[in-house]
Amino acid sequence: MMENSKELSLAKRSFTKEKLRNNFAFLGLLLVLILFEIATKGKLLGQRNLMNIFNNFFGIALCAMMYSFVMALGELDLSVGAIVGFSAAMAAFSSEISIFLILPTALFTGLAVGFLNGFATAYLRVESFIGTLAVSFIFRGLTTYFLNGSVGIPIAMRIFDKNEIKIAALAAVLIISCLLYESCAFGKHCRAVGASHEAARQSGVNVERTRLLAFTMVGAVCGLVGFFTLVRACTASSKTGNSFEFDVLLAVLFGGMPLSGGWPVKYRAAMIGSLAMAVLKSGMSLMGIDGLTQQIVQGVILIAVVVISFDRRNAGVIK
Amino acid sequence: MKKIVINLLKTLSLPVIVYLVFLVICFERFSNWNCVYTIFLQSIIPTITAYAVAYGNICGIFDFTIGSRLVISGVVGGLLAAEYGMAGMILGALVSAVVVSAITGILNWILRIPSLVLTMGLTMIFEIVGTKLAGHYGFVQIDTRYAVLGSSPNIVIVFIISAVLFYFIVNHTVFSYHMRAVGSNETIAKNSGIKTDVVKWKSFLYGGIFIGIAAILTLSQSGSVGAQTSLGSVTIVFKPLISILLALVLQRICNLTFGIFIAQFSLNIIFIGLIAAGLPDTFQNVVLGVFLLAVMILFQNADRLEALRARTKVQNKMASV
Amino acid sequence: MNLRKFTACAMTVAMTASLFAGVSVHAENADPEPFTIGFPWDTANTDPTWISIYNNVKAAVEAAGGELINVVTDNSADGLIDNISELISRDVDGILFMPASDSMLPAVDAMCADAGVYWGTMFRTISDEDIREAMYESEWFAGGCHEDDEVCAANIVKSMADMGVTDLGVINIAKGDTSSDLRDKGAAEGAEEAGVNILNTTYDISVTTDMTKAIESYIAAYPEMNGILVLGTYCEAAIPTIEKALADHDKAGDIKVGRIDFESSLGEYLSEGTFHVSYGGQQQIDPLVSAVILVNRVIGTPIVEEGPANIITPYLELTSAEEAGEFNEYFLGDEAVYTAEEIKDTMIKFYNPDIDAAYMDELISTFSIADVVERHSK
């Protein structure tokens, strides 16, 4: 009887621990929100600053949502910044023919580069880390070469920088990606491939097609981010999308997404991480913290979040 | 012996072919000894940096901190050079590189989180440490008296010593076998009694020695080392990483130590060749990306290509019958 | 007199008194209303030039009793647009920034016009005629200060040609940046005029190792090269790195070296005779005067009544090691090239109604290293 109650209390404690760890990123986000709200005397969640947080959040969240599929596969995509820059550049050029071509060009360019990433990774068996790094070199170089400076688009295109449109776009991507990830076979296939591609193949999953689709989707959404970046600044330059790959990677890691892929990859991590990044950035800026300190804080928090939320028990080998 | 010579010739054919291509494109600029020698000298520091990256790579660890550790080491070396001369620079750079690398390794051991995440977070912190150490001007400069190691022939001697040291550690120590075991399957390595955490920590430590050497040479060659922020130091690791990947492709015909150098040398021929051909420097990135992608595709699909070749052979035989 | 009449008279007297009181209060108002200026700048960059730019802008804003609000930026077009949006949400009265390109300016103007916030630029002119015309019509564009990049680049190339340079290797900041493009254009014009052959241009070098590599590659690929010109770079210790690479190849002194924009190490190489010509020195006065233009507009005493104020800062030439030392001490120190007190007296129209465009041009034309030393030496 005594042993039973001891086991029960141990099980309860481990259940609570598990729950805490699973929701640590979310709790961390809440904590960051409360701390900065107090430190900035309520300015953080003021109506105007909320729009700042949204603007910081928007591009990273759009990409991070689709990035979940690549992370679920246990892969990385280091070319997202280059795709954003290249698709913005191509879209800016297309505006010289017709402004109606801007969105389709951005989307198609992103999709095409994403397809290239997917094809190299899935069918040509190139490691995603290296393959996407190579693609990133190629398209950064091409963007600089083609732009030969910067290219502007008509200021009228700023009409697409409206919050209503961005919220609608974000909601659309959120619904599509969430449904695909949580409720459709594709999301499950991605996680299954990430857990064990051989086992997934044995279960009838088309591993190559799943990989190809995931990278292509990330490419397409990067095209969309490129479009919104372009219409916001009305200019595409060789710096467009610079270090965006690190922003997205940091966001998903902040959200507690494991690099190993598979079933532990939770979709919500992308949203929580993107939001946490945006709140952190905005909060530190509101407090007047200088750039050097901001970087240290980000580094420490990244390590702390992963140290606390990382599931070592199921990770097996940690590399 | 004959096999070794053939393999050596095969390995050397890579830079020779690349060189010949550019010699045809721009004969006047490429057909001088100074040009080849400069390419050789330019390959030294990236090769030694690649040796530092290689330890983690063999163990299957990805390390973003290489660049930021190199900056810290260079800055400390530069600061101590002003106080204690060349000895201060060498000791300062080496000791700081090893200490920071040991700290990175210990954190990797005790925190038990993926190295990619840990090193990304640490890079953000190390970059600021380097910036703070560099002080008001954001960079440290050494007196030219202490920069003798950066010019020929001293840099070549340091390179040869480094290559021999790397070759010895990677090929003739028990640690190298342990490293490979951890890299290929950590679980099996652990079950075989290898202290995998110690091996990984040591890989950071040994890598640190080469970071220190690379920092000394960078400081000696450029005369200064500047701090970097906003993950700018991460890009330092990319090009050495590419040479390691090319070296892995060449591994069938030559060892890693020589392979890394040959890969780096070939890449530098391309870079200088593009400049000599008068092409804009933006092409360097495009060519580097295409080259890397092509090599990786060939490397990863060698078995398929072999099978295809065999099938074609059989088909040809059948046709002739 | 009944109570009602008495009250009416009393109120009339009180109101008249208060009216006069109001006038006297305004007349006695010694300082402008408090205001805030937003400034996107990379405070993570520890380059002394970057720090001095921040210090000079701060001095100009504080001279008129304002507060400077900084947000960290990467100085890219999209980064700056986000920064400006953030500053607008923080209710600043004016925004000063270094534009990444001309094509981003219409978006900035639209955002600032919507929010009723003045904006100004520093270091960069507007090259695109259509954009310039549109911006000059905007009531929210206060104007800015810039260098004549094209002329400066053309002249430095000609100056190097006079030293015997015939084949030039060039380093410049990233393409797309207005200054980079104008300096490229000016260098090409100068080269054509002086018969100099520009061998190649390498852009966007940010670390010393890449600088060494670029110079060594030039030496290897272009044996005929006899001049290196840095049109611009964000690489710290650029000149020491170039000098070291040249020395390693026994080319120091033989290959002439020139640079636009001063940096802290020039004196040493000027005295050694291995560095030859540098035009620049506006990195402190340019942001300071740009901030002055914006501040004057924000507090309601614009330097130019109609349209934006546009001031061109003439470049200085560094001729000796002594001058370079003075530049390091007085331009790159913690103090601005004009102290807040000096700015208040000589550049803020609220305190000095004589200020106009001609006055500012004259003031700037007297600006030199010797002038700063004279004012600030203890």
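Descriptive notes on the structure:
- Chain lengthening between B:Arg180 and B:Thr235 when straightened (0.36 nm per residue, less Cα-Cα): 17.2 nm
- Phi angles of segment A:5-10 translate, via the Karplus equation with coefficients 6.51, -1.76, 1.60 and θ = phi - 60°, into HN-Hα couplings of 5, 5, 4, 4, 5, 4 Hz per residue; Gly and Pro are given as x.
- Cut-off under 5 Å, modelled amide H: who pairs with A:Leu76 long-range: A:Ser128, A:Phe129
- Across segment B:31-61, the residues whose backbone nitrogen lies under 19 Å from the label position 7 Å along the beta-carbon direction of B:Ser152 are B:31-48.
- Alpha carbon centroid spacing (whole Å) that separates segment C:199-217 from segment B:267-321: 28
- Rounded if a/c under 1.5, otherwise prolate or oblate - segment B:2-279, Cα gyration tensor axes: oblate
- P(r) weight above 26 Å for segment C:150-280, C-alpha pairs, percent: 9
- Karplus-derived HN-Hα couplings along segment C:79-85 (A = 6.51, B = -1.76, C = 1.60, θ = phi - 60°), whole Hz, x at Gly and Pro: x, 5, 4, 5, 4, 5, 4
- In terms of other Cβ atoms within 10 Å, C:Trp41, C:Trp50 run from fewest to most in the order C:Trp50, C:Trp41.
- Rounded, prolate or oblate (a/c below 1.5 giving rounded, otherwise prolate when a/b exceeds b/c) for segment B:70-120 by Cα gyration tensor: prolate
- Within chain B, helix-based [θ] at 222 nm, where runs of 4 or more DSSP H residues each add -39,500 (n - 2.57), nearest 500: -27500 deg cm²/dmol
- Angle between chain B longest axis and helix B:282-300 axis [Cα atoms, degrees, rounded to 10]: 60
- Distance from the alpha carbon centroid of segment C:151-198 to that of segment B:1-36 works out to 36 angstrom.
- Computed over all pairs of different Cα atoms, the Kirkwood value for the hydrodynamic radius of chain C is 22.4 Å.
- Under 15 Å from the Cα of C:Lys158 - aspartates and glutamates, other chains or at least 8 residues apart: C:Asp149, C:Glu150, C:Asp167, C:Asp184, C:Glu189, C:Glu192, C:Glu193, C:Glu317
- Projecting label points 7 angstrom from Cα along Cα→Cβ for B:Asn7 and A:Arg313 puts them 4.8 nm apart.
- Chain A, helix-only ellipticity at 222 nm - DSSP H runs n ≥ 4, -39,500 (n - 2.57), divided by all residues, nearest 500: -24500 deg cm²/dmol
- For C:Gly143, the residues whose amide H sits under 5 Å from its own are C:Thr121, C:Ala309, ignoring neighbours fewer than 5 places away on the same chain, with H placed 1.01 Å from N.
- Folded to 0 to 90 degrees: helix C:178-194 orientation relative to chain C principal axis, Cα: 50
- For segment C:72-222, the extents of the C-alpha atoms along the principal axes are 54, 33, 19 Å, listed from largest to smallest.
- With each label modelled as a point 7 angstrom along the Cα→C-beta vector, the A:Ala156-C:Asp128 pair spans 1.6 nm.
- Reference-scaled alpha-carbon Rg (2.2 N^0.38 Å with N residues) for segment B:1-67: 1.51
- Across segment C:210-221, rounded Karplus estimates of 3J(HN,Hα) from the backbone phi angles (6.51 cos²θ - 1.76 cosθ + 1.60, θ = phi - 60°) give 5, 5, 4, 4, 4, 5, 5, 5, 4, 4, 5, 7 Hz, Gly and Pro being marked x.
- Förster radius 45 Å - calculated FRET efficiency between B:Ser320 and B:Asn191 (Cβ-Cβ, nearest 0.05): 0.30
- Residues whose amide H comes within less than 5 Å of that of C:Ser278, counting only those at least five positions distant or on another chain, are C:Arg259, C:Leu318 (H built at 1.01 Å from N in the peptide plane).
- Computed over chain A, the percent of Cα pairs more than 29 Å apart is 40.
- Approximate spin-label separation C:Glu193-C:Ile312, in nm, with each point projected 7 Å along Cα-to-Cβ: 1.2
- Relative to the longest principal axis of the Cα atoms of chain A, the long axis of helix A:24-39 lies at roughly 70 degrees.
- Longest segment of chain C lacking GluC sites (Glu not before Pro) that sit in a DSSP loop with at most 15 other Cβ atoms within 10 Å: C:1-138
- The ranking of B:Ser220, A:Ser94, B:Ser115 by Cβ neighbour count inside 10 Å, starting from the fewest, reads A:Ser94, B:Ser115, B:Ser220.
- Cα gyration tensor category, rounded, prolate or oblate, for segment C:316-374 with a/c compared to 1.5: oblate
- Mean shadow area of the protein assembly as shown over all directions, Cα convex hull, nm²: 56.1
- Length added when fully stretched, A:Ala185-A:Leu50, from 0.36 nm per residue minus Cα-Cα: 45.0 nm
Taken together, the values in this text are just the output of simple stated rules run on the coordinates, not laboratory data. Remember, it's a predicted structure, so these values are computed and weren't measured experimentally. No Cβ is skipped: glycine too gets one built from the backbone with ideal geometry, and neighbour counts run over all protein chains shown.
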